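The values are calculated or read from the model by the stated rules, or taken from the named source; none is laboratory data. Predicted, not measured: the structure shown is a model, and the values here were computed from it. Because the Cβ atoms are built from the backbone with ideal geometry, glycine has one as well, and the counts that use them run over all protein chains shown. Accessible surface is based on the protein model in full, side chains and every heavy atom, while ligands, DNA and RNA are left aside. Shrake-Rupley method; radii C 1.70, N 1.55, O 1.52, S 1.80 Å.
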Amino acid sequence: MPETAPQRARIAVFVSGRGSNMAALLYTSRLDDAPYEIALVASNDPGAEALALAEAEGIATFALSHKGMTREAHDAAMEDAARKVGADHIALAGYMRILTPDFVKRWEGRMLNIHPSLLPKYTGLDTHARAIAAGDTHGGVSVHLVTEDLDAGEVLGQIAVAIRPNETAESLAERVRFAEHQLYPRVLARHVARPYDAGWLLDRVRDLALALPQTHERESHGSPGWRVGTEKSGKYFAYFSDQHHGTPHISLLVKCGGMDELEALVEDQPHAYHKPAYYGASGWLGVILNRPGVDWDAVAERLHRSWQAVAPKSAMRSMDAADQF
Ligand code: GAR
């Protein structure tokens with residue numbers, strides 16, 4: 001876990017059955033460098049073996065049968081249980097329910113699923129039998145982000161498992177299970193650590209900065225920076241600062257409305273803003289990125305305002321034109 005990660009991510013695991021993947025996630029979370037902890041195991045089947053295991057391990061559980069409930073009401077109860085324990089991610093581990101679109105949307109980028117095939121092949125059920133019947137050389141397992149479409153979100157990791165002669169769906173499933181238990185904890189760990197990873201943060205900032213008109217990237221004193229205007233006479237509107245001058249922060253430096261605004265933001269929201277060494281004196285605000293719950297729309301807005309503060313008229317005109325669409 002990077003030094004700057006303030007706390008472990010809190011994971012709610014949703015299960016319907018045996019819970020061997022839940023167990024893999026749980027035991028990995030007990031390694032001292034794990035970047036996540038299991039805050040809850042929740043199930044739509046009160047008799048699920050996974051719940052008994054979680055209880056024995058001292059993990060909070062929640063069980064609610066979906067029978068006789070609308071999908072919306074059941075999802076809402078499961079979500080409520082996750083929120084009550086302060087979960088910031090949900091890991092579906094053999095949770096055999098289709099989720100409502102609103103629920104999925106609220107957890108976009110923060111809900112993962114494990115699926116026993118090499119996606120995009122064989123979404124849905126009977127994946128091993130279908131891989132064998134198709135004559136595939138390999139089956140396997142994928143961990144992906146959950147989106148509205150079944151088993152169709154971004155694949156975060158996969159392991160292929162060879163299909164042997166005379167393979168049955170059962171024998172393949174058993175071997176794939178070994179692969180599942182290796183894959184899920186690692187992919188989840190990598191995913192929750194991403195918001196503290198300088199490379200990942202830089203890529204996001206770069207995409208936002210270069211989406212503004214007439215911009216280009218130029219390094220300044222070893223830091224990536226973005227300018228608006230021509231290569232020759234452009235002006236900097238943003239810098240990326242990775243733990244410079246002894247601060248623990250990875251931050252985006254932008255021009256703000258002036259020293260008063262800068263000082264007020266830093267005083268009122270010290271978890272979100274800081275006054276960077278050297279740059280702060282000339283009105284550059286540090287927007288802290290390596291923390292939980294960064295609002296990326298607000299980051300984009302700050303970049304936009306900083307860009308406006310230094311952009312030449314020609315660039316402003318192209319922005320105005322774009323705004324009319
Ligand atoms: C796992 O094989 C998982 O890939 C699969 O359910 C099993 C759960 O086992 N998930 C799906 O099929 C989702 N569509 P477990 O309860 O022992 O973890």
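Enter the Cα centre distance for the pair the stretch 193-262 and the stretch 93-113, rounded to the nearest angstrom. With the stretch 193-262 and the stretch 93-113 each reduced to a Cα centre, they are spaced 33 Å.
Mean residue ellipticity, 222 nm, helices only, the chain: the sum of -39500 (n - 2.57) across DSSP H runs of n ≥ 4, divided by residue count and rounded to 500, is -11500 deg cm²/dmol. When the accessible area of the stretch 238-325 is split by element with a 1.4 Å probe, what percent falls to carbon and sulfur? So the carbon and sulfur contribution to the accessible surface is 52 percent. Rolling a 1.4 Å probe across all protein chains gives TYR196 an accessible area of roughly 30 Å². Within the chain, antiparallel bridges make up roughly 65 percent of the DSSP beta bridges whose residues both belong there. Overall, the anisotropy analysis places the stretch 141-220 in the prolate class: the square-rooted eigenvalues a ≥ b ≥ c of its C-alpha gyration tensor yield a/c not less than 1.5, with a/b exceeding b/c. The accessible surface of the stretch 48-94, taken with every protein chain in place and a 1.4 Å probe, is 54 percent carbon and sulfur. Protection proxy ranking for 93-105, 148-160, 179-191, using the average of other Cβ atoms within 10 Å per residue and placing the highest first: 179-191, 93-105, 148-160. In this structure, the residue pairs whose Cα-Cα separation is over 29 Å, taken from LYS235/LYS275; LYS67/LYS105; LYS105/LYS235; LYS105/LYS313; LYS105/LYS255, are LYS105/LYS235; LYS105/LYS313; LYS105/LYS255. In the elastic network of the chain, a GNM with C-alpha springs shorter than 10 Å, the most mobile of ASP197, ASP268, ASP242 is ASP268. Solvent exposure of the stretch 1-155, expressed per residue, is 47 Å² of accessible area, with all protein chains present and a 1.4 angstrom probe. Using alpha carbon centroids, what distance separates the stretch 284-311 and the stretch 1-67, in Å? Their Cα centres are 35 Å away from one another.
Extension gain for ALA73 to ARG177 (0.36 nm times residue separation, less C-alpha to C-alpha distance): 34.3 nm. Computed with a 1.4 Å probe over protein heavy atoms only, the accessible area of LYS255 comes to about 60 Å². For a test of the definition: using alpha carbon positions, the gyration tensor, and the 1.5 limit on a/c, classify the stretch 38-95 as rounded, prolate or oblate. Judged from the Cα gyration tensor, the stretch 38-95 comes out oblate (a/c at least 1.5, b/c at or above a/b).
Mind running the shape call on the stretch 1-139? Use the C-alpha gyration tensor, a ≥ b ≥ c as the square roots of the eigenvalues: rounded below 1.5 for a/c, prolate if a/b tops b/c, oblate otherwise. Here the stretch 1-139 falls in the oblate category.
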